Amino acid sequence: MKLINRAKKYFRASLLSSGAEMKINPYTLSFSGESKPYEIPFLKDYFNKSLTQVRFSLLLAICFYGLFAVLDAVLASELRTTFWIIRIIVIVPAVFLLMLSFNRGFEKYWQIAISALIFFAGLGIVYMTIISEEGIVSYTYYTGLILIFIFGYALMRVRFIWATLACWSIVISYEIAAIWLTDTPSVYIISNNSFFISANVIGMFVSYSIESYLRREFFLARMLEEERIKVVEAKNELEKRVEERTSQLVHTNKELLQEIETREKVEKEQARLEAQLYQAQKMETIGTLAGGIAHDFNNILTPILGYTEMAERELDPRTTGSRDLKKKINAIKKQFTRNKTGTLERFKDAIAECLKDHKLDLKDLLNCN
């Protein structure tokens with residue numbers, strides 16, 4: 001808890017040191033300058049926080065003002081009826097204000113109304129001293145004004161400016177009554193004035209301090225609220241930026257994955273095409289090899305077959321045994337032709353068998369044969 005209070009004090013001090021200075025009128029304590037927009041919200045907040053205490057103070061004042069009627073019966077028995085009427089005249093508006101405090105319109109006029117009630121309550125006491133003859137009532141009832149000063153400056157939650165006007169108006173009324181309307185001894189005037197002026201000065205200091213403190217608390221609370229709003233807005237903005245950045249990264253990552261997949265497909269397709277090209281090159285090489293072997297084999301058989309045909313043409317039919325020799329030559333030609341075709345076919349089959357395993361090694365090709 002202490003740590004939290006220290007943090008609050010530190011933050012408040014940092015606000016004030018950072019240029020967030022409260023500006024008020026030193027006489028009326030109203031917000032001024034850059035702080036003027038806070039005046040109306042402060043008055044509304046001040047009313048809401050003071051309403052309960054105002055009602056309690058009004059009830060307490062009514063009780064005190066009425067209970068002192070017992071003192072009237074003891075000290076001023078001849079004028080007690082007049083004094084009671086004066087007290088009733090003051091108590092009735094107080095009761096009316098207490099009832100009016102439950103109405104919404106009370107907020108608009110409560111400072112003026114309570115200040116007027118304080119003044120008239122004090123004026124009633126002053127009037128009691130005027131109509132009384134010289135004696136203990138005339139010289140002692142003024143002390144009741146000090147209670148009114150206490151209520152006005154501290155308990156009724158009247159603002160400093162209104163409390164000061166009301167209470168000093170009572171003092172002025174006392175001076176007029178004591179000096180010009182009654183024959184009050186100067187000793188009593190000096191004695192009472194010392195108490196009244198001292199009570200007013202002390203009351204003004206108390207009221208000034210209370211209102212200054214409340215205004216400073218309200219100002220700092222508003223500054224803290226504004227800072228909190230700024231922090232929330234900055235947080236929301238940061239979250240928005242993070243969300244946008246995350247969305248961009250997700251989109252970029254998705255595009256990157258698609259690009260990787262596309263590249264893998266291209267690489268696989270490229271590998272497949274290279275394999276096909278390699279196979280085609282092997283086929284071409286083997287075909288060239290097979291064609292060369294067949295050509296060489298044909299070159300070997302062709303001269304043999306040619307010489308056989310030449311020998312057949314040179315045979316003399318009239319020679320003994322020429323017919324048998326011709327049959328043998330024809331048999332040789334047929335055998336050569338049949339062997340030539342069969343050998344080429346077997347060679348082709350051997351090549352096809354080797355190509356099943358995509359082999360290009362010449363030794364493997366020969367082994368297949």
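Each label point was placed 7 Å from the Cα along the Cα-to-Cβ direction; for E226 and A69 their separation is 5.3 nm.
Quick one: length gained pulling W84 to T302 fully straight, 0.36 nm per residue minus the C-alpha distance? Intermediate results must be reported in sequence, preceding the final value.
Working: separation 218, 0.36 × 218 = 78.48 nm, distance 16.20 nm.
Full-extension gain reported as 62.3 nm.
Applying the Karplus relation 6.51 cos²θ - 1.76 cosθ + 1.60 with θ = phi - 60° to region 179-185 yields 3J(HN,Hα) values of 8, 9, 9, 10, 9, 7, x Hz, where x marks Gly and Pro. The H on the amide N of T184, modeled in the peptide plane, is under 5 Å from the matching H of no residue at least 5 residues off or on a different chain. Within region 165-276, the proportion of Cα pairs with more than 24 Å between them is 68 percent.
Placing pseudo-labels 7 Å out from each Cα toward the beta carbon at M283 and E21 gives an inter-label distance of 9.5 nm.
Stick to Cα atoms and the Kirkwood definition of Rh, then tell me Rg/Rh for region 18-237.
Value, to two decimals: 1.09.
Taking chymotrypsin sites (Phe, Trp or Tyr not before Pro) across region 81-187, the ones in a DSSP loop with at most 15 further Cβ atoms lying within 10 angstrom of their Cβ are F102. Distance between the pseudo-spin-label points of S186 and A234 (7 Å out from Cα toward the beta carbon): 6.9 nm. Taking θ as phi - 60° and the Karplus parameters 6.51, -1.76 and 1.60, the scalar couplings of region 147-157 work out to 4, 5, 4, 4, 5, x, 7, 10, 8, 7, 6 Hz in sequence order, x denoting glycine and proline. Applying a threshold of 30 Å to the alpha-carbon distances of K44/K240; K49/K235; K254/K282; K44/K230 flags K44/K240; K49/K235; K254/K282 as lying beyond it. Among T182, T143, sorting on how many other beta-carbon atoms sit within 10 Å of each Cβ, with the fewest leading, yields T143, T182.
We did not get these values from a lab; they are worked out from the coordinates using the rules stated. These numbers were taken from a predicted model, which means no experiment stands behind them. Note that we place each Cβ from the backbone using ideal geometry, even for glycine, and neighbour counts take in every protein chain shown.
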